[in-house]
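The values are calculated or read from the model by the stated rules, or taken from the named source; none is laboratory data. Because the structure is predicted, anything quoted here is derived from the model rather than measured. Because the Cβ atoms are built from the backbone with ideal geometry, glycine has one as well, and the counts that use them run over all protein chains shown.
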Amino acid sequence: MRLDRMLTVARIDLRRLFRSKDYWIPMGFLAGVFFVGLPFLLLTIVTSTTSSELVNKIGEVLQSLPGPVQENVVGETPAARGAYMLAVYLLAPVAIVVPLTISSAVGAHAIVGERERGTGEFLAHSPLTEREIFLGKMLASLVPGFAATAVGFGIYSLLVNLKVGPLVGGWFFPTPAWWVLIIWVVPPFIAVALSLILWVSSRVRSTAAAQQAATLVSLPVIFAAYGVSSGLLINPVVAALTIGVVAWTLAVAGLITGSRSLHRERLLGFGGDG
Amino acid sequence: MPLAIKFSNVTRRFGAVRAVDSLSLEVPAGSITVLLGPNGAGKTTTVRLTTGALNSDSGSIEVLGLDPAIHGDEVRARSAVVPPKPALYDRLSGWDNLTFTADIFGASHAAIRPAAERFGIDHALDLDVGGYSTGMRTRLALARAMLHDPEVLLLDEPTAGLDPESARAVLDLIRELAGRGRTIVLCTHLLHEAEGVADQVVLMASGQARIVGSQEDLADQFVTNPAVVIDAEDRSVLRLLEKHRDVVSAEWNGALHVRLTHLDRLPDVVAELVASGARITRVQPDNPTLETLYFEMQRSLRETA
């Protein structure tokens, strides 16, 4: 396998992606809602409320959290503690959906899209190996997800620190556990999801089928990532590191298995399922 | 002459359908081979098997001395395919499409602009391919195929839907490459375009090479009554030929088109006309076109069947 040719496949896929407004507009909207819109709205309501009823309800929610979480929630007032809880334990885990969705959307089209456009014929007659094609497309699908993770959580951090920071004694996000999650746990989860989606994309006959299958494949991974991230926030950082190792192992296994699943004939439209 | 491509008893099935069925075919290096045949004859599958994009179920294939099933990457690096639909990335510019190809085939970027100029597409390199016309797309696909100077060029219905200028660009390319010793396989059912370019004509049917030979040899084999065009100042004299013993048929079409029992009877026929007072202005062999030949071969196959 030649690295330069694999990078060429990734580069050309990314270039096509950057020029696809029909991809960027909905994905940008999704990221805007989860990283900016929803946090801004909810945190504004919680931090500026004068309703004693709402403050009481926030207090009740805080009381219902597991003990370790309650100990970690910072803030002098119920509103401050409620805002902290929202920022760290509710909104941020939900936002993990965004990079996974962005990468899944690219991955679902990656191989079956070549068949539909007819460009699979060109790739099939090219000297690229199946592995170079698969890994190039994998990389092109990973980059938007990783970029969304970095940029999205960067903006999210800025937003929650500006909104909630003054109430809890300064900038607080990412917490140590969230640093581990963003850098160490989320990326392999994206890779695992993509391995499955690209495997599906190389087998189905149409983009529509790939999207449906990708949804089925990626949803459990999204829930797993969400569950793991939420759970890890309760447990020590060491647990997050351990989960990350497992996720990376699965990701590498997925890459190897997935790269073996692509056959040249599939690029021509033969041998697909469904 | 060494062989560039050799198929030996190759079969490829898709389910119950034998797209290529015990195909044996030899393409000499540096030659132009034209694959003729109706849709479903196995031409495209033959092209795909040649580069190793598809693998055969049985039989053996050798391309440039290599087995594409084993050394497919090298075979593909030394060959190029122009498919019926150009298979370009619409959301990229012409330049991006060509640099992508140059990078994966290991060709120099310096080859891009000359290749684009060669096919008259250099003015549109900065535009997205999605806005190209059919002809422009084919020209770009041709430029793309030439970037790495392939030893074997496989053209699968490259002129389908093209304007005359673009179709001519394809034929000019074929002649130019042949002049440089490259091996060319042209699949087509547009027979007039393949006229006169083929060193070898292969008639495919049901996944097999049913008839193989040069156009001249096949004409001798399948067109039994040679045609000649004859004209004279006083055309009434030519009516003698309508019932001449050496003339099988005679038909007026601007001049008199006659089919003779054998070409060596022509001098006697002309001598008789002159003796009858005709002042002959034209005697011209009317060689069978590839189209004529194609239908004669098809007729022969049907009779054999």
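Could you run through segment B:39-89 and say how many residues are within 11 Å of chain A (Cβ to nearest Cβ), touching a strand residue (DSSP E or B) at 6+ places or on another chain (Cβ under 7 Å), not hydrophobic (A, V, I, L, M, F, W, C) and not in a helix (DSSP H, G or I)?
Of the residues in that region, 5 qualify.
Out of all the residues in segment A:19-28, which are assigned to a helix (DSSP H, G or I), without any contact (Cβ under 8 Å) to a residue 60 or more places away in the chain and within 14 Å of another protein chain (Cβ to nearest Cβ)?
Across segment A:19-28, the qualifying residues are A:Lys21, A:Asp22, A:Trp24.
Only one of these is touching a residue at least 12 places away in the same chain (Cβ under 8 Å), over 30 Å from B:Ala205 (Cβ atoms) and in a helix (DSSP H, G or I): B:Leu256, B:Leu301, B:Leu293, B:Leu241. Name it.
Values: B:Leu256 fails: in a helix (DSSP H, G or I); B:Leu301 fails: over 30 Å from B:Ala205 (Cβ atoms); B:Leu293 fails: over 30 Å from B:Ala205 (Cβ atoms).
The match here is B:Leu241.
Which of the residues that make up segment B:259-278 are surrounded by fewer than 14 Cβ atoms within 10 Å (Cβ to Cβ) and outside any loop (DSSP other than H, G, I, E, B)? Spell out how you get there, then give the answer.
Of segment B:259-278, the ones surrounded by fewer than 14 Cβ atoms within 10 Å (Cβ to Cβ) are B:262-264, B:267-268, B:271, B:274-277.
B:Leu263, B:Asp264, B:Pro267, B:Asp268, B:Ala271, B:Val274, B:Ala275, listed by residue number.
What are the residues in segment A:181-223 that are surrounded by fewer than 24 Cβ atoms within 10 Å (Cβ to Cβ) and assigned to a loop (DSSP other than H, G, I, E, B), if any?
Correct list: A:Arg203, A:Arg205, A:Ser206.
Just to be sure, is B:Gly15 surrounded by fewer than 23 Cβ atoms within 10 Å (Cβ to Cβ), within 14 Å of another protein chain (Cβ to nearest Cβ), modelled with pLDDT under 95 and on the phi > 0 side of the Ramachandran plot? Let's see the steps before the verdict.
Details: surrounded by fewer than 23 Cβ atoms within 10 Å (Cβ to Cβ): yes; within 14 Å of another protein chain (Cβ to nearest Cβ): yes; modelled with pLDDT under 95: yes; on the phi > 0 side of the Ramachandran plot: yes.
For B:Gly15, the condition - surrounded by fewer than 23 Cβ atoms within 10 Å (Cβ to Cβ), within 14 Å of another protein chain (Cβ to nearest Cβ), modelled with pLDDT under 95 and on the phi > 0 side of the Ramachandran plot - is met.
Within segment B:1-31, which residues are under 18 Å from B:Pro150 (Cβ atoms) and β-branched (Val, Ile, Thr)?
Of everything in segment B:1-31, those that are under 18 Å from B:Pro150 (Cβ atoms) and β-branched (Val, Ile, Thr) turn out to be B:Ile5, B:Val27.
Failed condition for B:Phe100, given (1) closer than 28 Å to B:Ala169 by Cβ; (2) touching a Gly at 6+ places or on another chain (Cβ under 6 Å), with all others met?
B:Phe100 satisfies all of (1) closer than 28 Å to B:Ala169 by Cβ; (2) touching a Gly at 6+ places or on another chain (Cβ under 6 Å) except (2).
Could you tell me which residue of segment B:99-123 is surrounded by the fewest Cβ atoms within 10 Å (Cβ to Cβ), considering only residues that are within 29 Å of the chain's Cα centre (by Cα) and under 13 Å from B:Met136 (Cβ atoms)?
My answer is B:Gly120.
Among the candidates A:Ala108, A:Ala31, single out the residue that is modelled with pLDDT under 85, under 18 Å from the mean Cα position of the chain (by Cα), more than 14 Å from every other protein chain (Cβ to nearest Cβ) and crowded, with 21+ Cβ neighbours inside 10 Å.
Numbers: A:Ala31 fails: modelled with pLDDT under 85.
Exactly one of A:Ala108, A:Ala31 is modelled with pLDDT under 85, under 18 Å from the mean Cα position of the chain (by Cα), more than 14 Å from every other protein chain (Cβ to nearest Cβ) and crowded, with 21+ Cβ neighbours inside 10 Å, namely A:Ala108.
Go through (1) under 30 Å from B:Ser8 (Cα atoms); (2) at the interface with chain A (Cβ under 9 Å from one of its Cβ atoms) and name the single condition B:Glu157 misses.
For B:Glu157, the failing item is (2).
Kindly indicate which of A:Val151, A:Val143 is more than 14 Å from chain B (Cβ to nearest Cβ) and either within 28 Å of A:Arg260 (Cα to Cα) or in contact with a Gly (Cβ under 7 Å, 6 or more places away or on another chain) (or both).
A:Val143
Mind counting the residues in segment A:159-190 that are among the charged types (D, E, K, R) and free of Cβ contacts under 8 Å to residues at least 60 places away in the same chain?
As a first pass, look at segment A:159-190 and keep what is among the charged types (D, E, K, R): A:163.
Right, trim to free of Cβ contacts under 8 Å to residues at least 60 places away in the same chain and you get none.
Residues that pass the stated criteria total 0.
Of all residues in segment B:90-125, which are touching a helix residue (DSSP H, G or I) at 6+ places or on another chain (Cβ under 6 Å), among the small types (Gly, Ala, Ser) and within 14 Å of another protein chain (Cβ to nearest Cβ)?
Within segment B:90-125, B:Gly94, B:Ala102 qualify.
Just one of the numbered conditions (1) within 11 Å of chain A (Cβ to nearest Cβ); (2) surrounded by fewer than 19 Cβ atoms within 10 Å (Cβ to Cβ); (3) closer than 23 Å to A:Pro127 by Cα is not true of B:Asp128; which one?
All conditions pass for B:Asp128, except number (3).
Please find, among B:Arg168, B:Arg180, the residue that is under 14 Å from the mean Cα position of the chain (by Cα) and without any contact (Cβ under 8 Å) to a residue 24 or more places away in the chain.
Values: B:Arg180 fails: under 14 Å from the mean Cα position of the chain (by Cα).
Within the list B:Arg168, B:Arg180, the selection yields B:Arg168.
Tell me the residue from B:Ala115, B:Ala111, B:Ala124, B:Ala69 that is free of Cβ contacts under 8 Å to residues at least 40 places away in the same chain and closer than 19 Å to B:Val47 by Cα, please. Can you show your working first?
Working: B:Ala115 fails: closer than 19 Å to B:Val47 by Cα; B:Ala111 fails: closer than 19 Å to B:Val47 by Cα; B:Ala124 fails: closer than 19 Å to B:Val47 by Cα.
Answer to the check: B:Ala69.
Across segment A:101-158, what is the number of residues that are assigned to a helix (DSSP H, G or I), free of Cβ contacts under 8 Å to residues at least 40 places away in the same chain and under 18 Å from B:Pro83 (Cβ atoms)?
Residues flagged as assigned to a helix (DSSP H, G or I), free of Cβ contacts under 8 Å to residues at least 40 places away in the same chain and under 18 Å from B:Pro83 (Cβ atoms) within segment A:101-158 amount to 3.
Residues in segment B:31-47: is at least one more than 22 Å from the chain's Cα centre (by Cα) and over 16 Å from A:Leu268 (Cα atoms)?
Of segment B:31-47, the ones more than 22 Å from the chain's Cα centre (by Cα) are none.
No: segment B:31-47 contains no residue that is more than 22 Å from the chain's Cα centre (by Cα) and over 16 Å from A:Leu268 (Cα atoms).
Does A:Leu43 fit the bill of being hydrophobic (A, V, I, L, M, F, W, C), part of a helix (DSSP H, G or I) and under 16 Å from A:Met85 (Cα atoms)? Working first, answer last.
Working: hydrophobic (A, V, I, L, M, F, W, C): yes; part of a helix (DSSP H, G or I): yes; under 16 Å from A:Met85 (Cα atoms): yes.
Judged against the criteria, A:Leu43 is a match.
Can you name every residue in segment A:237-274 that is within 14 Å of another protein chain (Cβ to nearest Cβ) and at pLDDT 85 or above?
A:Leu262, A:His263, A:Arg264, A:Glu265, A:Arg266, A:Leu267, A:Leu268 - these are the residues of segment A:237-274 that are within 14 Å of another protein chain (Cβ to nearest Cβ) and at pLDDT 85 or above.
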